[in-house]
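A.B. asks: Shown below is the structure under consideration.
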Amino acid sequence: MASAPNPLPELLRQFSWRELTHHPWRNAAAVVAVMLGVALAFSTHLINASALSEFSTAVRAVNGQPDLELRAVAGSFDEAVFERVANHPQVTVASPVLELTSFALVNDQLSSKRSPVRVVGLDALVVASLAPALMPLPSKNADRFALFTPGSVFLNAAARQALPDTFKLQSGLQLLDVAVAGSVAAGGAALAVMDLGAAQELFDKRGQLSRIDLRLKPGTDRAAFIQSLQLPPGVKAEEPGDAAQRVSNLSRAYRVNLTVLALVALFTGAFLVFSVLSLSVSKRAQQFALLGVLGLTGRERLMLVWVESAVLGWLGSALGLLLGTGLAALALRVLGGDLGGGYFAGVAPPLQFSTMAALAYGALGVAACLVGGWWPARAAQGLPPAQTLKGLGAAPAQGKGHWVSLVLIAAGAGLAALPPVFGIPLAAYVSVAFLLVGGITALPWLVALLYDQLAPRVAHQLLPLLAVERARRVRASAAVAVSGVVASLSLAVALTVMVASFRDSVTHWLDMVLPADLYLRTALPTGATASADTVYLSPELVQAIAKVQGVQRVSTLRTTSISLDASKPAVALIARDVQDPASVLPLVGNPLPVPAGHVGIYVSEAMVDLYGARPGAVFGLFSASFKPPDQPIQALEAPDSIAEKSPPKFYVAGVWRDYARQFGAVVIGKADFERLTGDTRVNDLALWLAPGADSSAVEQAVRAAADQMASAGGLLEFASTRQIRALSLTIFDRSFAVTYWLQGVAIAIGLFGVAASFSAQVLARRKEFGLLAHLGLTRRQILAVVAGEGAAWTLIGSVAGLGLGLAVSLVLVHVVNPQSFHWTMDLVLPWLRLLGLCAAVVAAGTVTAWLAGRAAAGKDAVLAVKEDW
């Protein structure tokens with residue numbers, strides 16, 4: 001006997017497709033929600049992946065492909081190390097390199113725009129075998145010995161586009177003339193290549209190197225080789241892949257959090273699909289029942305609705321991938337590869353499309369729709385044909401207990417206590433999902449808990465009684481109707497609390513770290529740490545500024561960087577006056593007394609998480625990093641030096657908050673730093689002005705002092721505390737502007753879900769409304785009952801959303817942020833904003849329910865009573 005043909009394909013064409021096209025705007029809203037979620041997440045991935053790939057390619061081009069790299073822990077090291085290493089019997093090729101970061105001035109006007117540029121000095125006779133992309137290519141009209149000519153530079157494409165044939169490089173407050181003699185093939189940000197000797201001469205770095213690239217003989221045991229080198233303090237060996245790993249680690253937490261934030265729209269989109277299909281199934285209930293009578297099984301009805309959700313997901317995902325690709329291409333062209341985190345500033349990579357990523361994000365969009373369509377599909381499966389054909393519908397579902405909800409909430413709380421995985425708070429993200437799902441599934445219990453107490457209070461008021469009793473008796477339907485509001489409102493509350501807490505903490509932090517009246521530096525903020533060794537203020541200029549009329553007190557700050565782990569970005573080392581650390585640093589807890597014979601240091605919170613530098617511990621801050629900037633390492637080995645008597649012991653005397661450096665900062669006393677290194681240079685100055693002093697007059701006097709000493713007063717950058725604070729908070733608000741947009745989208749989707757659910761409810765309740773009309777209730781009163789139900793349901797949604805949002809905000813503030821960015825913040829609850837948000841949702845839900853009920857309270861409702869007579 002031949003098997004019966006499968007009716008689903010024909011039903012999809014004749015039944016489902018007509019439904020999808022008959023209500024284009026309603027279905028288009030679901031498709032748009034999915035499209036936005038996929039587009040935001042996919043474009044974020046493409047932008048970050050393209051920037052990371054371009055940045056990594058540039059790093060590999062500059063670093064070349066050696067077998068091993070010898071790098072300075074901080075600054076540079078004595079080139080005498082090169083001679084010993086190059087003569088090692090297991091070394092085939094050794095390439096010395098001096099790397100510096102400076103600023104290029106494009107004309108003779110000191111006030112003109114300065115562009116950050118990376119300067120690499122190298123030996124052209126050996127670099128071709130290890131880093132061919134750095135091989136200088138002289139231009140046609142250049143002298144054949146231009147490579148060795150002092151002041152000759154060879155630029156990559158980014159530098160050639162930004163700089164003319166002649167320009168100046170900044171060193172301290174001096175401007176050094178250079179001329180373009182050719183090009184190099186390396187990509188990435190602006191790069192200038194010079195002969196090693198010329199670079200050492202130009203920047204007064206004679207006898208110093210930043211790294212040595214090595215090509216080893218085949219079969220060399222690297223561990224034994226490194227041990228045989230007996231590297232001096234301040235030099236360490238690294239694998240070539242460590243640099244690429246550092247680049248990836250630099251932005252990993254930032255790009256993961258951006259992706260998760262973008263997926264919020266997709267999460268709320270799943271609820272919109274749920275609402276749209278719930279309404280569709282309710283309107284077609286009698287058609288499904290008729291199909292059941294004609295032989296369509298419940299499983300086939302389930303598959304029919306589920307395929308409809310898959311069609312919505314497929315269409316939304318396809319459009320989202322197209323939109324995401326376009327957004328990524330536009331962002332890369334207009335904004336470059338930087339999404340606001342500052343990790344890829346200056347990089348303008350081409351779009352690198354990933355088919356695998358597109359399939360993954362597309363599948364994610366379809367999966368979200370399938371999840372959203374599962375419950376409406378189950379509803380279509382469970383429709384009783386006979387009752388539904390009579391317009392009676394299914395019996396209202398009753399709550400099955402709330403133990404599953406409690407288990408989910410408890411599991412979410414437990415997951416929040418787990419550590420990060422590879423530096424990413426994966427358990428915390430799952431915790432947020434469990435809290436949301438557990439809270440939403442507990443809604444029927446919450447409805448019963450609240451309205452069982454409220455019902456006796458309105459027993460003698462007809463319209464409120466009808467609204468409250470309806471919410472009590474169909475608590476499962478109420479939970480379905482407001483689930484989207486709960487999800488979207490909880491996320492909106494959590495983001496509001498997180499942003500408010502972060503902003504308040506940053507504000508207090510700025511108040512602590514900006515105590516002076518006026519600040520000045522000569523390095524631009526975008527490259528302050530990287531260029532600290534080439535762009536600085538001399539001690540003589542600091543003394544002259546301290547004598548300027550109107551300046552009451554001067555405080556200095558010296559910033560450099562040290563490498564503590566090859567796989568992590570460098571740590572900032574800050575030398576400043578810390579005689580009273582509690583007054584100059586935003587400490588977490590009280591400072592500890594420094595034991596005799598130890599050097600006190602104060603570490604940022606990131607140092608505790610990443611390196612275990614806990615208060616009271618002796619931290620292994622490499623003494624090698626404290627090398628005089630213009631002296632060889634051996635100077636620290638002199639009989640009278642501290643290093644000869646005993647290596648300095650660095651005692652962690654306190655932990656402080658630092659919202660400017662994600663990967664760690666160490667503060668050391670200025671006197672200790674200068675005693676250990678002999679480095680008296682300064683990067684930043686804080687000026688306290690005398691009472692009544694005019695800041696503009698002080699600025700002019702300081703520039704005049706700089707002109708007298710170095711003719712470079714125009715290179716000084718001034719900013720008041722108010723200006724720095726306002727700029728910092730403006731940048732903060734701009735960075736988090738997308739969260740407010742996502743909150744609005746999420747709540748709009750939730751309210752659309754309420755409208756769809758109420759539309760479905762009132763269509764199924766036409767007989768009930770007709771009966772109320774026959775009993776004497778006016779149309780206005782019936783609408784008031786519906787609006788009261790909307791208020792009752794959305795009030796429950798607001799209470800649940802507020803509670804869940806506060807729980808999620810605790811995870812975001814106390815778990816996600818510390819695990820992602822290694823800093824903490826104080827929890828701030830903006831109650832007026834939160835209550836206003838909840839009130840707006842209740843008001844909007846009430847109006848939405850009233851509008852949805854208008855169609856059900858008219859003549860059709862009255863006539864519907866006759867259908868069973």
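The values are calculated or read from the model by the stated rules, or taken from the named source; none is laboratory data. In this text the structure is predicted, and so the values were computed from the model without any measurement. Don't worry about glycine lacking a Cβ; one is built from the backbone with ideal geometry, like all the others, and counts go over all protein chains shown. Note: accessible area is taken over every heavy atom of the protein model, side chains too, but ligands, DNA and RNA are not part of it. Shrake-Rupley method; radii C 1.70, N 1.55, O 1.52, S 1.80 Å.
A.B. asks: Looking at Ala128 and the list (1) touching a residue at least 24 places away in the same chain (Cβ under 8 Å); (2) touching a helix residue (DSSP H, G or I) at 6+ places or on another chain (Cβ under 9 Å); (3) over 17 Å from Ser210 (Cβ atoms), which single condition is not satisfied?
C.D. replies: (1)
A.B. asks: Before we move on, is Leu389 among the aliphatic types (A, V, I, L, M), surrounded by 14 or more Cβ atoms within 10 Å (Cβ to Cβ) and at pLDDT 85 or above?
C.D. replies: Taking the combined requirement at face value, the residue does not satisfy it.
A.B. asks: If you go through the stretch 559-570 one residue at a time, do you hit one that is in contact with a His (Cβ under 9 Å, 6 or more places away or on another chain), touching a residue at least 40 places away in the same chain (Cβ under 8 Å), assigned to a strand (DSSP E or B) and polar (S, T, N, Q)? I'd like the intermediate steps shown before the answer.
C.D. replies: Just the residues of the stretch 559-570 that are in contact with a His (Cβ under 9 Å, 6 or more places away or on another chain), to begin with: none.
No; the residues of the stretch 559-570 include none that is in contact with a His (Cβ under 9 Å, 6 or more places away or on another chain), touching a residue at least 40 places away in the same chain (Cβ under 8 Å), assigned to a strand (DSSP E or B) and polar (S, T, N, Q).
One line per residue, one yes/no per condition, for (1) assigned to a helix (DSSP H, G or I); (2) open to solvent by 20 Å² or more (accessible area, probe 1.4 Å):
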site	(1), (2)
Val193	no, no
Ala198	yes, no
Pro218	no, yes
Ala224	yes, yes
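A.B. asks: Here's a check for you: in the stretch 692-717, which residue that is in a loop (DSSP other than H, G, I, E, B) and free of Cβ contacts under 8 Å to residues at least 60 places away in the same chain is farthest from Asp533 (Cα to Cα)? Even if it seems obvious, please write down each step before you answer.
C.D. replies: So in the stretch 692-717, the residues in a loop (DSSP other than H, G, I, E, B) come out as 692-694, 711-712, 716.
Right, trim to free of Cβ contacts under 8 Å to residues at least 60 places away in the same chain and you get 692, 711.
Working: Gly692: 36, Ser711: 20 Å.
Ranking the candidates gives Gly692 first.
Condition check ((1) at pLDDT below 85; (2) part of a strand (DSSP E or B)) across all residues:
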residue	(1), (2)
Ser56	yes, no
Phe82	no, no
Glu99	no, yes
Ser111	yes, no
Ser115	yes, yes
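A.B. asks: Conditions: (1) modelled with pLDDT of 80 or more; (2) open to solvent by less than 70 Å² (accessible area, probe 1.4 Å); (3) not charged (D, E, K, R). Pro384 meets all but one. Number of the miss?
C.D. replies: (1)
A.B. asks: Next question. Any residue in the stretch 733-745 that is modelled with pLDDT of 75 or more, part of a helix (DSSP H, G or I) and out of contact with any Asp or Glu (no Cβ under 7 Å at 6 or more places or on another chain)? If you could, list the steps in order and put the result at the bottom.
C.D. replies: Of the stretch 733-745, the ones modelled with pLDDT of 75 or more are 733.
Applying the additional criterion that residues be part of a helix (DSSP H, G or I) yields 733.
Restricting the remaining residues to those that are out of contact with any Asp or Glu (no Cβ under 7 Å at 6 or more places or on another chain) gives 733.
So far as the stretch 733-745 goes, yes, one or more of its residues are modelled with pLDDT of 75 or more, part of a helix (DSSP H, G or I) and out of contact with any Asp or Glu (no Cβ under 7 Å at 6 or more places or on another chain).
A.B. asks: Within the stretch 165-178, can one find any residue that is open to solvent by 50 Å² or more (accessible area, probe 1.4 Å) and either among the polar types (S, T, N, Q) or over 25 Å from Ala712 (Cβ atoms) (or both)?
C.D. replies: yes
A.B. asks: Same structure, new question: What number of residues within the stretch 58-80 satisfy the criterion of being at pLDDT 85 or above, in contact with a Phe, Trp or Tyr (Cβ under 8 Å, 6 or more places away or on another chain) and over 20 Å from Thr220 (Cβ atoms)?
C.D. replies: 0
A.B. asks: Which members of the stretch 136-164 meet the condition of being open to solvent by less than 50 Å² (accessible area, probe 1.4 Å) and within 17 Å of Ala185 (Cα to Cα)?
C.D. replies: Those that are open to solvent by less than 50 Å² (accessible area, probe 1.4 Å) and within 17 Å of Ala185 (Cα to Cα): Pro136, Ser139, Leu147, Ser152, Val153, Phe154, Leu155, Asn156, Ala158, Ala159, Leu163.
A.B. asks: Here's another thing I want to ask about it. Residue check: is Ala185 farther than 24 Å from Lys236 by Cβ, part of a strand (DSSP E or B) and open to solvent by 30 Å² or more (accessible area, probe 1.4 Å)?
C.D. replies: Working: farther than 24 Å from Lys236 by Cβ: yes; part of a strand (DSSP E or B): no; open to solvent by 30 Å² or more (accessible area, probe 1.4 Å): yes.
For Ala185, the condition - farther than 24 Å from Lys236 by Cβ, part of a strand (DSSP E or B) and open to solvent by 30 Å² or more (accessible area, probe 1.4 Å) - is not met.
A.B. asks: Kindly indicate which of Ser531, Ser501, Ser561 is closer than 21 Å to Thr101 by Cα, out of contact with any Phe, Trp or Tyr (no Cβ under 6 Å at 6 or more places or on another chain) and at pLDDT 80 or above.
C.D. replies: Details: Ser531 fails: at pLDDT 80 or above; Ser501 fails: closer than 21 Å to Thr101 by Cα.
Result of the check over Ser531, Ser501, Ser561: Ser561.
A.B. asks: Those residues that are open to solvent by 20 Å² or more (accessible area, probe 1.4 Å) and either aliphatic (A, V, I, L, M) or in contact with a helix residue (DSSP H, G or I) (Cβ under 8 Å, 6 or more places away or on another chain) (or both), I need them from the stretch 587-604; list them, please. If you could, list the steps in order and put the result at the bottom.
C.D. replies: To start, the set of residues in the stretch 587-604 that are open to solvent by 20 Å² or more (accessible area, probe 1.4 Å) comprises 587-598.
Leu587, Val588, Asn590, Pro591, Leu592, Val594, Ala596 - these are the residues of the stretch 587-604 that are open to solvent by 20 Å² or more (accessible area, probe 1.4 Å) and either aliphatic (A, V, I, L, M) or in contact with a helix residue (DSSP H, G or I) (Cβ under 8 Å, 6 or more places away or on another chain) (or both).
A.B. asks: For the stretch 226-239, how many residues are open to solvent by less than 40 Å² (accessible area, probe 1.4 Å) and under 35 Å from the mean Cα position of the chain (by Cα)?
C.D. replies: Our first condition is that a residue be open to solvent by less than 40 Å² (accessible area, probe 1.4 Å); within the stretch 226-239, this holds for 229, 232, 234-238.
If we keep only those that are under 35 Å from the mean Cα position of the chain (by Cα) as well, we get 234-238.
Within the stretch 226-239, residues that are open to solvent by less than 40 Å² (accessible area, probe 1.4 Å) and under 35 Å from the mean Cα position of the chain (by Cα) number 5.
A.B. asks: So, in the stretch 427-441, how many residues would count as being without any contact (Cβ under 8 Å) to a residue 60 or more places away in the chain and among the aliphatic types (A, V, I, L, M)? Let's see the steps before the verdict.
C.D. replies: So in the stretch 427-441, the residues without any contact (Cβ under 8 Å) to a residue 60 or more places away in the chain come out as 427, 430, 433-434, 437-438, 441.
After this cut, where a residue has to be among the aliphatic types (A, V, I, L, M) as well, the list is 427, 430, 433, 437.
The number of residues fulfilling the criteria is 4.
A.B. asks: Moving to a separate point now. Considering only residues that are surrounded by 15 or more Cβ atoms within 10 Å (Cβ to Cβ) and among the hydrophobic types (A, V, I, L, M, F, W, C), which ones fall in the stretch 687-708? Step through it out loud before you land on a result.
C.D. replies: In the first step, residues of the stretch 687-708 are kept if they are surrounded by 15 or more Cβ atoms within 10 Å (Cβ to Cβ); the result is 687, 689, 693, 698-699, 701-703, 705-707.
Within the stretch 687-708, Leu687, Leu689, Ala693, Val698, Ala701, Val702, Ala705, Ala706 qualify.
A.B. asks: Please work out if Thr526 is within 20 Å of the chain's Cα centre (by Cα) and at pLDDT below 85. Before you say what the answer is, go through the steps one by one.
C.D. replies: Values: within 20 Å of the chain's Cα centre (by Cα): yes; at pLDDT below 85: yes.
So Thr526 passes the test.
A.B. asks: Just checking, does the stretch 714-730 include any residue being at pLDDT below 80, of a type in the set (Phe, Trp, Tyr) and surrounded by 16 or more Cβ atoms within 10 Å (Cβ to Cβ)?
C.D. replies: no
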